[in-house]
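Undergrad: One structure coming up, written as structure tokens, with questions to follow.
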Amino acid sequence: MGTAGRSYFSEIQNKSTFDRSDSLYQEQIQEEDESKNIQTSLISIPPTPGRRFCRQFSEQSVDDIKRSFSIEEAKEPLSFTGKMERLPYKIANINLAEAGRKALSMAEVEMAGVMRLRKIYGSTKPLKGVRLAGCLHVTAQTGVMIETFRELGAEIRWSCCNPLSTQDQIAAALVKAGISIFAWKGETEEEKLWCIDQTIYFADGEPLNAILDDGCQLTRVVHEKYPHLTNVIHGCSEETTAGITKLRKLLKNKQLNVPVINVNDSVTKSKFDNNYGCGESLVDGIKRATDTMIGGKIVVIIGYGNVGKGCAKTLSGHGAKVIITEVDPICALQAAMD
């Protein structure tokens, strides 16, 4: 988006208001005593020398660029309850797109199945007519999935489920490719809700008709603020235990009005992503954040389910001394046997 577009974007924000009587926002946002005109600075730690080459396009590889950039926020976050013109995107810095594209290209190599879908079904556009709103971590792997949805014919509007997980270079690359992304690292809870709200209606004024969710956040917004849209939603998917718990509560109270695919309880999620992926991510995150050696450390893991087992196995493999706490006697016995 050019200078004129950014100017128009800021003008819309500054003229918009936010209904603080909304129950969803009252529940999740505490009033702040700070000035209404907030400027959020993106502060990050410069990368540590000696990182492996394959990490140079990761989140830390662009910290030196992000450190000098800040997001200009509106005086009040936006909240819409009807069809209105939507902003095309909101991210940290479009200039990070080149680094993001390199990271996406690297992720594509590891996602052969997804790339195969593009090759087989890209010409037939089986998802044509799908207006997919997503609330999921904006990472390289998610980016490959988003571009695959678009390649298969879907329209996309995307926000992030976790204010700290967004990789700003990936968001920039996706926006550069013409996809509407509303996410940046370091969002406040209020800003996160605003971003989710931006994904409800698309550029042509039509609402979403499919949801890809994490933590039941987007699904909850639809049910509480836009209940009239549930009859046009074909379905949604949920990938977390926390999200499924909330959805089951809605179902029990007869308040769930859309079909749900429970990704969390699928075998591939529990036996592979939880068991192997979480362990790898945990060690990688600790090393990136602290730059310390895992070997010799004493690590306490609370719970020995699929995630706990995977984390314990990975940490133990790196030389850590692992202690498990567990209330379930069967899982505790498994930990003792392992």
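Undergrad: Those residues that are within 18 Å of I94 (Cβ to Cβ), outside any helix (DSSP H, G or I) and in contact with a helix residue (DSSP H, G or I) (Cβ under 7 Å, 6 or more places away or on another chain), I need them from the stretch 140-159; list them, please.
TA: I156, W158, S159
Undergrad: How about the stretch 272-291: which of its residues are in contact with a helix residue (DSSP H, G or I) (Cβ under 7 Å, 6 or more places away or on another chain), surrounded by fewer than 18 Cβ atoms within 10 Å (Cβ to Cβ) and within 19 Å of A242 (Cβ to Cβ)?
TA: Across the stretch 272-291, the qualifying residue is only C278.
Undergrad: Still on this structure: Assess whether I244 counts as being surrounded by fewer than 13 Cβ atoms within 10 Å (Cβ to Cβ) and of a type in the set (V, I, T).
TA: In short, no.
Undergrad: State the number of residues belonging to the stretch 223-264 that are among the small types (G, A, S) and touching a Gly at 6+ places or on another chain (Cβ under 7 Å).
TA: Of the residues in that region, 2 qualify.
Undergrad: Further, regarding this structure: Regarding S165, is this residue under 20 Å from V232 (Cβ atoms) and within 18 Å of the chain's Cα centre (by Cα)?
TA: Criteria not met by S165.
Undergrad: Please go through (1) more than 25 Å from L229 (Cβ to Cβ); (2) out of contact with any helix residue (DSSP H, G or I) (no Cβ under 6 Å at 6 or more places or on another chain) for Q167 and return the number of the only condition it doesn't satisfy.
TA: The number of the failed condition is (2).
Undergrad: Output the residue which, of all residues in the stretch 198-216 that are under 14 Å from the mean Cα position of the chain (by Cα) and crowded, with 22+ Cβ neighbours inside 10 Å, is farthest from P163 (Cα to Cα).
TA: I211
Undergrad: Let me ask something additional. Being modelled with pLDDT of 95 or more, closer than 28 Å to K225 by Cα and either touching a His at 6+ places or on another chain (Cβ under 8 Å) or among the acidic types (D, E) (or both) is the requirement here; does V130 meet it?
TA: yes
Undergrad: To continue, here is another question. Which ones in the stretch 283-338 are among the hydroxyl-bearing types (S, T, Y) and assigned to a helix (DSSP H, G or I)?
TA: T290, T314, S316
Undergrad: Against the condition in contact (Cβ under 8 Å) with a residue 40 or more places away in the chain and out of contact with any helix residue (DSSP H, G or I) (no Cβ under 6 Å at 6 or more places or on another chain), how does F182 come out, does it pass?
TA: No, not satisfied.
The values are calculated or read from the model by the stated rules, or taken from the named source; none is laboratory data. This one's a predicted model, so the numbers in the text were calculated from it and none came from an experiment. Methodologically, a virtual Cβ is constructed for each residue, glycine included, from the backbone with ideal geometry; neighbour enumeration extends over all protein chains shown.
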